[in-house]
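A.B. asks: Have a look at this one before I ask anything.
The values are calculated or read from the model by the stated rules, or taken from the named source; none is laboratory data. In this text, all values refer to a predicted model and were calculated from it rather than measured experimentally. Cβ atoms come from the backbone with ideal geometry, glycine included; neighbour counts cover every protein chain shown.
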Amino acid sequence: MSAASVPLRRVLVVGAVMLLSPLGCASTGVARTDSEQPTSRDVSAPRPKWGLVIHGGAGVISRENLSPEREAEVRAALTRSLQAGHAVLAGGGSALDAVSAAVRILEDSPYFNAGKGAVFTHDGVNELDAAIMDGTTRKAGAVAGLRHVKNPISLARLVMEQSPHVMMVGEGAEAFAKSQGVELVDPKYFFTEDRWQGLQRALEKERSRQPSSSLPSGYDPVSGDHKFGTVGAVALDQAGALAAATSTGGMTNKRYGRVGDSPIIGAGTYADARCAVSATGHGEFFIRYTVARDICARVEYQNVPLPEAADVVINDVLVKVGGEGGVIAMDREGNVAMPFNSAGMYRGYVGEDGQPSVAIFRDALGGPP
Ligand code: ASP
């Protein structure tokens, strides 16, 4: 199916994709062509609708496997993250600062697979990856394989701003962290019982060598888990600048220095002057299909509205090859998309009015639980 042939009805009906109009911001759902875009911020040009979108991971998140207590905690953490990002944007701060602030809060929560709540590798340790990108300058910073850095997103930002490089991994990245005075923690900090049990279940499945056909739908034989849980944020600030940030523990039971899509610029994280994307899902697919850049390239080269471009990549391109997950995305007019092809995705949006909206399942954002 071509991007142009995706019916708008589908874009609107699937709770996974959201245009701004349901949130009180004007949008017809049809993006302007590039020639219609204001080239400078003159007084007659329409002001972009600034705002922030976050995710806390996609996967098999159903009402049956999420207790009401846990759901309330998750919603509260997502709301705090939105509020932190909104405070930055409302004060005239940059999209970069907003996505950093929003992601740090989710990294500090045990409920998401990033920072404190990171999943375990096959060897029973936590290895963290993160990336951040500034859409205006296309500068980017990425880190992978960290074992002691409390907030990987902050280190990714330092790589971008305080080094001549884009990506640093493992011991080198941690040496750089020390030189920058970044907060380091004992690896025990990352231990959570839930994630440890997730690894034990994955190891048990592996030992019993279930044929993939006998695994429940949505079950990932690599991760051995039912959800991904990476965190991310994209933002458009009052000056019209976009930024994207993503942070993750990767996938449960991952092997030998495996790095997923989150810190790979163009795969799990990407921002340019038109479009910003942060992804969550089975990283190997997101790398091979350069998901984040593919969405923004469709916006740039085909003049496809962002929600349509994101929907095609997640619900057509990836579905056809079995790549599970989702993205959050924003364009420079403040249009928002949050498509996912899994059962649920922790996600949220806050715009100029400062009213945070959070959703988990396939219901409309901010709709009934
Ligand atoms: N995309 C991440 C990875 O493959 C996992 C996730 O989204 O939770 O490392």
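A.B. asks: Any chance segment 293-307 includes a residue that's on the phi > 0 side of the Ramachandran plot, more than 10 Å from the ligand (Cβ to nearest atom) and touching a Phe, Trp or Tyr at 6+ places or on another chain (Cβ under 8 Å)?
C.D. replies: no
A.B. asks: Find the residue count for segment 99-133, including only residues that are over 15 Å from the mean Cα position of the chain (by Cα) and acidic (Asp, Glu).
C.D. replies: Total satisfying the criteria: 3.
A.B. asks: For segment 324-355, name all the residues that are within 16 Å of the ligand (Cβ to nearest atom) and either outside any strand (DSSP E or B) or over 18 Å from the mean Cα position of the chain (by Cα) (or both).
C.D. replies: If the condition is that a residue be within 16 Å of the ligand (Cβ to nearest atom) and either outside any strand (DSSP E or B) or over 18 Å from the mean Cα position of the chain (by Cα) (or both), then Glu324, Met338, Pro339, Asn341, Ser342, Ala343 are the ones that fit.
A.B. asks: Sticking with this structure for a sec: Scan segment 46-75 and report the pairs whose first residue is surrounded by 24 or more Cβ atoms within 10 Å (Cβ to Cβ) and whose second residue is at pLDDT below 75 and basic (Lys, Arg), with Cβ atoms within less than 9 Å and a gap of 6+ or a chain change.
C.D. replies: So the pair list comes out as Gly57/Lys227; Ala58/Lys227; Gly59/Lys227; Ile61/Lys227.
A.B. asks: May I pose another question? Among the residues of segment 210-224, is there at least one that is modelled with pLDDT of 95 or more, within 25 Å of Arg75 (Cβ to Cβ), within 14 Å of the ligand (Cβ to nearest atom) and crowded, with 16+ Cβ neighbours inside 10 Å?
C.D. replies: Within segment 210-224, none of the residues are modelled with pLDDT of 95 or more, within 25 Å of Arg75 (Cβ to Cβ), within 14 Å of the ligand (Cβ to nearest atom) and crowded, with 16+ Cβ neighbours inside 10 Å.
A.B. asks: Please verify whether Gln83 is more than 21 Å from Arg258 (Cβ to Cβ) and under 18 Å from the mean Cα position of the chain (by Cα), treating the condition exactly as stated.
C.D. replies: Yes, satisfied.
A.B. asks: Next question. Filter segment 76-127 down to residues that are in contact (Cβ under 8 Å) with a residue 12 or more places away in the chain and either more than 24 Å from Glu204 (Cα to Cα) or in a helix (DSSP H, G or I) (or both), then give me how many there are.
C.D. replies: Residues that pass the stated criteria total 34.
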